[in-house]
1. If R₀ is 51 angstrom, what is the calculated FRET efficiency for the pair GLU447 and ARG218, using the beta carbon separation as r and rounding to 0.05?
2. Assuming 0.36 nm per residue, please report the length gained on full extension of the stretch ARG647 to ILE436 beyond their Cα-Cα distance.
3. Could you tell me whether region 51-109 comes out rounded, prolate or oblate from its Cα gyration tensor? Rule is a ≥ b ≥ c as square roots of the eigenvalues, rounded for a/c under 1.5, then prolate if a/b exceeds b/c, otherwise oblate.
4. Take the Cβ-Cβ distance between VAL368 and LEU515 as r, set R0 to 25 Å, and report the resulting FRET efficiency rounded to the nearest 0.05.
5. Mind putting together the pair-distance distribution for region 224-286? All Cα pairs, 5 Å bins, whole percent per bin, short to long.
6. Explain nothing, just the number: relative contact order of region 148-237, from Cα pairs under 8 Å at least 6 residues apart, as a whole percent.
7. Run the simple label-point estimate for MET353 and VAL175 please: 7 Å along Cα→C-beta, distance reported in nm.
8. So what is the accessible area of the chain per residue, in Å², with the probe set to 1.4 Å?
Amino acid sequence: MAHTSVEQQGTVTLMLDNLCIKKQETVCLTDSYNERIRPLLDSVDTLRGLGVMKEGINLPSIVVVGDQSSGKSSVLESLAGISLPRGQGICTRVPLIMRLHNSRLDEGMQIVVEYNGKKLSIADSQITETLNSVTEEIAGTGKSINDTPITLNVWKPNAPDLTMVDLPGITRVPVHGQPQDIYEQISRIIMQYIAPKESIILNVLSAAVDFPTCESIRMSQLVDEKGERTLAVVSKVDKAPEGVLEKVTDNSVNIGLGYVCVRNRVGNETISEARQMECELFTRDPDLSKIDKNMVGIPVLAKKLMQIQAMSISKCLPDILKKIDATLSKRQSELNTLPRNFSTSAEAMIEFMRLMDSIKGMLHKLLVQGDIELFPDETEMHCIACLYKMFESYSHDLSSAFNNTPDDFLVEEVKLLEEARGVSLPNFLPHSVLVILLQSRIESISERSRDLAIMACHYIDKVVCRVIDIQTQCFPSLHSASRRAFQALIDRKRDECIRLVQDTLDMQKTIFFTLNPSFSESRQNWEEWKKTFLDAIKRNHNTVKLEGIGEINLKNVPKDSIQLDAAFDMKMSVMAYWSVVKMRLVDDIPLHLRFTFHKMVQDDIVNLVVKEVLGSAEPAKIGDILEESPKTATKRRDLLKRIAMLRESKYTLSKIIDKLEEA
Ligand code: GDP
Ligand code: MG
């Protein structure tokens, strides 16, 4: 590939200005543009260099997209007046940020390539070879692509002040040596650059293709449906001059910022030859000469891009300043949440006590007050609600634990009564049978009750650990001491809760007592139900429906037993007393558990941690326990760096915005 010398390049740009408008006019025009645009662009470039994009703040930029080999690199080459790697197949494999700077005539041309924090100053004849080797360093020697950008800075007299990003071209089918998902990889990079509202999309379309079928049109329409920030460059008009006029006037693909038709460098032409050929083409070609002169040629494109760029930047800057401000205060408050370094043990002790207060305060809010604002998006930290759910499910399990209308209705009652015959007077229900039936019910829900205690403690364990993690994450020693102290405590509390549940159950199994009026009241209905039941047996019915009990299958009822009447009474007594027991359990056990957790927060946790920490460290050594972790130290350094960067960006931007307002 031929390279033009510096002198040649100088003439080229002058010629470029000479093309379609009178030279003097253009130079003045460009000069006045450059005067206004350069400071804007410089400020954006400074922000980019400072790295504000790492903070998620998008900067206005012109992004060049197009299908593979549509002529993207050639367009950039024409605009810059320098040679870039171009050709068939995939040449551009990483994003190339090209910054063109208009320099003074006596300064000549200067080229600096930046990537991965490295900077190379090169001659223009080395551009192609340097870009190729840097691309290989970043993306490997094959045909893979990578999203690490290369920045190519070009200072050149009379160059348009533009910053543009050249991206790998879109290709549907992977060629040999390319990963299968090449299309997805390229799309991802392109989307990352064109999606932000601050990006101007420069869509390069080959004149030889049907625009609506272009993949790049489809993609840019995904992010800019009406084409408000899309400008089309029609390349290769020399190859397919017929029909270009119709295509650019029809605008069938919604290009909001208009079309510019160009003819780039072909083969080994020098840039100046290419411009000459372009000018002649648009003047002499019978089809192309009909196109409006404001829509043809690289000089027109350069001017248009500068205008659009200036407009876009001045529109975006106030918003960017706002975003920088917001990010700055976010980072600042992150920094404020990091602990300070302590110079005396008294200071460390104060911080230690403050942390203990914070832990207690947070746990009190979560576990006693049921606060949901501390962790608005983490429902698993809405403690009272979570515990309530567990209790509710326990209550539900207890309610559905026994079927009052089993297929073996009264079988067990009759059997037990037969066995107890003679123990008590006829018509007196033997207490021992009642005890057996009730105890077996309580026994069968014992495990579920103990599980509730274990589950609740496990949950509290998780919540407290989370709080300790949050409050002490910056101090590894304090963190492990607190965790240790708490682990011992929660183990003790778990045993205490299980014992408590067991005591409650044992009490119900041992003492049969109630003053609950609902028990006596339910008795009044039994006689009525029993009559209906016995009547149905007499009439040989298969089922009977009793109000308050449900439909009973009479098939297996021991109909001939003389204990049937008593068995019915027994069943009713058990059911009535069981409802009393159930009501007690579903309230008492949760109450006990919550009270235990409440006491634990109020009295135990912080005392224990204080004891654990101060028991092992002399007050003078408290500073050691509060030594910050390497992670915190790194985070502090990182935050300080980011804050400095944001402050500098804010300063740069405020200055330029003030100037704009003055003007
Ligand atoms: P990219 O893949 O979109 O960057 O495309 P390139 O800029 O590498 O160009 C692909 C091929 O098309 C190269 O061989 C260029 O020389 C050629 N090309 C680009 N623009 C034009 C043009 O306006 N006219 C002609 N005849 N060829 C062009
Ligand atoms: Mg390219």
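The values are calculated or read from the model by the stated rules, or taken from the named source; none is laboratory data. Remember, it's a predicted structure, so these values are computed and weren't measured experimentally. Neighbour counts run over all protein chains shown; Cβ positions are idealised from the backbone, glycine included. Note: accessible area is taken over every heavy atom of the protein model, side chains too, but ligands, DNA and RNA are not part of it. Shrake-Rupley method; radii C 1.70, N 1.55, O 1.52, S 1.80 Å.
1. Numbers: r = 62 Å, r/R0 = 1.22.
Given R0 = 51 Å and the Cβ-Cβ separation, E is 0.25.
2. 68.1 nm
3. Values: a/c = 2.41, a/b = 1.02, b/c = 2.36.
Because a/c hits 1.5 or more and a/b fails to exceed b/c, region 51-109 counts as oblate.
4. Values: r = 32 Å, r/R0 = 1.27.
My answer for the efficiency is 0.20.
5. The percentages, shortest bin first, are 4, 17, 23, 21, 15, 12, 7, 1.
6. Working: 72 pairs, mean separation 21.4, N = 90.
The normalised contact order for region 148-237 reaches 24 percent.
7. 7.4
8. Result: 49 Å² per residue.
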